[in-house]
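Chemist: Please find one structure pasted underneath; my questions will follow.
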Amino acid sequence: MSNNSQIHILLVDDEPDILELLEYHLVKEGYTVHTSTNGRDALAKIRESKPHLVVLDVMMPDMDGIETCREIRGMKDMEDVLIAFLTARGEDYSHEAGLDAGADDYIIKPIKPRVFLSRIRALLRRSRISEVEDNSVLDFGELQINRERYTITYNGKEIELPKKEYELLSLLASKPGKVFRRDEILRAIWGDEVVVGDRTIDVHIRKIREKLDDKFIRTIKGVGYKFDF
């Protein structure tokens, strides 16, 4: 995806001024941009255009961004789509609920175009699946992590994990027994350009534990997490 025109981005916001502003700057960068003013219309456009990234306002009438995000995550063949929320400053509930619903990131309003574009580039850059030098499977008996195929097999059953959950589990499992500090995890998974809080890690850890019967990942209070085998 070296050519930006090959990257499709869907903007969803019920405020025309914001849509126009964001569309202008994204088109200027060469991206192919689609727009929608509500969640239901966005779902239809996602099926048509299959975007790489959806930028989704949280507060919308009829179907809000949280509900729309959940619907997107349940759509077949759209497991890899990136979702970034637009939220007003101080909406802590929206941040946590958005991550719970499957969002990859959130961007705070009021939006500064330069910061917005930087976050978009960082999201797209981190999402690219590069060829893994070591194609071996991390095998922990009942749990296998295939770093080439980005798949998890647990007790003989393939488990679907969103990218961030997969990357977090893979990071911890790459060095069993090592305690990864929170700042290490944030840098490795979310990068230096994205500002997220400690709760971001906690939400993703909780979701991984739910899928793996609360095994493997241990909390080291006041420090971070480690993979135990």
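Chemist: Percent relative contact order of the chain, based on C-alpha pairs within less than 8 angstrom and at least six residues apart? Mind showing how you got there, number by number?
Modeler: Values: 344 pairs, mean separation 29.2, N = 229.
The value is 13 percent.
Chemist: To the nearest 20 Debye, how big is the dipole of the chain about its Cα centre, given +1 on the beta carbon of each Lys and Arg and -1 on that of each Asp and Glu?
Modeler: 760 debye
Chemist: At q = 0.10, 0.12, 0.16, 0.21 Å⁻¹, what is the log10 ratio I(q)/I(0) for the stretch 4-127, with the Debye formula run over Cα points and no solvent?
Modeler: Once normalised to I(0) and log-transformed, intensities are -0.25, -0.37, -0.68, -1.29.
Chemist: Only bridges whose two residues both fall in the chain count here: according to DSSP, what percent of them are antiparallel, nearest 5? Intermediate values should be presented prior to the final figure.
Modeler: Details: 17 of 36 bridges.
DSSP beta bridges in the chain are roughly 45 percent antiparallel.
Chemist: Given a cut-off of 27 Å, name the pairs among 157/207; 175/207; 76/226; 157/215; 157/221 whose C-alpha atoms lie farther apart than that in the structure shown. Mind showing how you got there, number by number?
Modeler: Details: 157/207 17 Å; 175/207 21 Å; 76/226 33 Å; 157/215 16 Å; 157/221 31 Å.
In this structure, 76/226; 157/221 lie more than 27 Å apart at Cα.
Chemist: What is the extension gain from residue 40 to residue 150, computed as 0.36 nm multiplied by their sequence separation minus the C-alpha to C-alpha distance, in nm to one decimal?
Modeler: Numbers: separation 110, 0.36 × 110 = 39.60 nm, distance 3.05 nm.
Net length gain for the segment: 36.6 nm.
Chemist: In degrees, nearest 10, range 0 to 90: what is the angle between the Cα axis of helix 92-101 and the longest Cα principal axis of the chain?
Modeler: Once rounded, one gets 70 degrees.
Chemist: Over the Cα atoms of the chain, Rg to Rh with Kirkwood Rh, two decimal places?
Modeler: Numbers: Rg = 17.9 Å, Rh = 18.5 Å.
Rounded to two decimals, Rg over Rh is 0.97.
Chemist: Any chance you could give the angle, 0 to 90 degrees and rounded to 10, that helix 198-211 forms with the longest Cα principal axis of the chain?
Modeler: It works out to around 60 degrees.
Chemist: Determine, for each peptide in 30-38, 63-71, 15-23, the mean count of other beta carbons within 10 angstrom over its residues, then list the peptides with the highest first. Provide the component values of the computation, followed by the final result.
Modeler: Details: 30-38: 17.6, 63-71: 19.7, 15-23: 15.1.
Going from most to least packed, we get 63-71, 30-38, 15-23.
Chemist: Where does helix 163-173 land angle-wise versus the long Cα axis of the chain, in degrees 0 to 90, nearest 10?
Modeler: Approximately 20 degrees, to the nearest ten.
Chemist: If packing is taken as the average number of other Cβ atoms within 10 Å across a peptide's residues, how do 201-209, 140-148, 165-173 rank, most packed first?
Modeler: Numbers: 201-209: 18.4, 140-148: 15.3, 165-173: 20.4.
Ranked from most to least packed, the peptides come out as 165-173, 201-209, 140-148.
Chemist: Still on this structure, please answer the following. Multiplying the sequence separation of residue 219 and residue 188 by 0.36 nm and subtracting their Cα-Cα distance, what value in nm do you get? Numbers along the way, then the final one.
Modeler: Working: separation 31, 0.36 × 31 = 11.16 nm, distance 1.80 nm.
Value of the extension gain: 9.4 nm.
Any read-out appearing in this document is the output of simple, stated calculations on the displayed coordinates, not a laboratory observation. None of the values given here were measured: they were computed from a predicted structure. Note: ideal-geometry Cβ built from the backbone for every residue, glycine included; neighbour counts use all protein chains shown.
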